[in-house]
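The values are calculated or read from the model by the stated rules, or taken from the named source; none is laboratory data. Quick caveat, the model's predicted, so the values are computed rather than measured. Neighbour counts run over all protein chains shown; Cβ positions are idealised from the backbone, glycine included. To get the accessible areas, we keep the full protein, side chains included, count just its heavy atoms, and leave off ligands, DNA and RNA. Shrake-Rupley method; radii C 1.70, N 1.55, O 1.52, S 1.80 Å.
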Amino acid sequence: MHSFGYRANALLTFAVTILAVICALASLSDNLNVPSPTAQVQVLNINWFQKQPNGNDEVSLTLNISANLQSMFTWNTKQVFVFLAAEYETPQNFLNQISLWDGIIPSKEHAKFWIHTTNKYRFTDQGSNLLGKEFNLTLHWHVMPKTGKMFADKVVMTGYRLPEEYR
Ligand SMILES: *[C@@H]1O[C@H](CO)[C@@H](O)[C@H](O)[C@H]1NC(C)=O
Ligand SMILES: *[C@@H]1O[C@H](CO)[C@@H](O)[C@H](O)[C@H]1NC(C)=O
């Protein structure tokens with residue numbers, strides 16, 4: 001004869017086990033979803049490009065950022081954090097990465113978008129390295145699931161170049 005306490009405990013253990021299994025399955029089935037996001041960025045305008053009094057180059061861009069990240073959303077996706085970074089090489093650093101824009105995508109309905117924006121964060125380099133500089137624009141994302149591990153990936157868009165002269 002089992003006491004009531006024993007049964008209640010067994011039931012609780014069973015419930016917790018079931019919950020753990022469901023969570024594991026949730027993140028597993030989530031891992032089986034292979035997202036195929038797309039992104040495009042057009043530099044619509046160089047608003048200004050100057051050497052600042054402190055000697056650092058700075059540029060202001062108008063961008064059209066468009067992306068379709070809908071395939072990342074499963075029932076286990078809480079939200080997706082995205083940021084657009086300019087990436088380029090200088091003699092001092094193999095990789096310079098400057099965040100230009102970021103956003104949080106709360107749901108699948110919002111995951112297909114385009115946004116016409118100037119850079120939200122400053123595009124500045126410590127030195128005069130930006131004249132005529134070739135750079136990549138990389139859209140990075142971090143998928144925050146309801147349960148399971150966060151994961152991150154990116155798409156690299158190549159072949160951008162800054163003007164040879166300040167303006
Ligand atoms: C931005 O890009 C999207 C997709 O390429 C396009 O539909 C939209 O018209 C563009 N907007 C501007 C302001 O260029
Ligand atoms: C841009 O990305 C390509 C492909 O990942 C890479 O080979 C290239 O070195 C990058 N260019 C710059 C300027 O970082």
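List of remarks:
- Solvent-accessible area per residue, Å², over the chain with all protein chains present [probe radius 1.4 Å]: 62
- 3J(HN,Hα) couplings calculated from phi for the range 70-87 with the Karplus curve 6.51 cos²θ - 1.76 cosθ + 1.60 (θ = phi - 60°) are, in sequence order, 4, 5, 7, 8, 10, 5, 9, 8, 7, 6, 10, 9, 10, 9, 9, 10, 8, 10 Hz; Gly and Pro show x.
- Within straight-line reach of LYS51, meaning a Cα separation under 12 Å, sit the following aspartates and glutamates at least 8 residues removed in sequence or on another chain: ASP125, GLU165.
- CD proxy at 222 nm, helix term only [per DSSP H run n ≥ 4: -39500 (n - 2.57); per residue of the chain; nearest 500]: -6500 deg cm²/dmol
- Local electrostatic count at PHE123 - Lys and Arg +1, Asp and Glu -1, tallied over other residues with Cβ under 12 Å: -1
- Only Lys, Arg (+1) and Asp, Glu (-1) charged, at Cβ; the chain dipole about Cα centre in debye: 660
- Taking 0.36 nm per residue of separation and subtracting the Cα-Cα distance, full extension of the segment from THR158 to THR124 would add 10.3 nm.
- Gain in span if fully extended, PHE151 to TRP48, counting 0.36 nm per residue against the direct Cα distance: 33.5 nm
- Carbon and sulfur %, accessible surface of the chain computed with the full protein complex present, 1.4 Å: 58
- The GluC sites (Glu not before Pro) found in the range 80-167 that occupy coil by DSSP, while having at most 12 further C-beta atoms within 10 Å, are GLU164, GLU165.
- For the chain, the longest principal axis of the alpha carbon atoms and the long axis of helix 4-32 meet at an angle near 30°.
- The chymotrypsin sites (Phe, Trp or Tyr not before Pro) found in the range 80-167 that occupy coil by DSSP, while having at most 16 further C-beta atoms within 10 Å, are PHE94, TYR121, TYR166.
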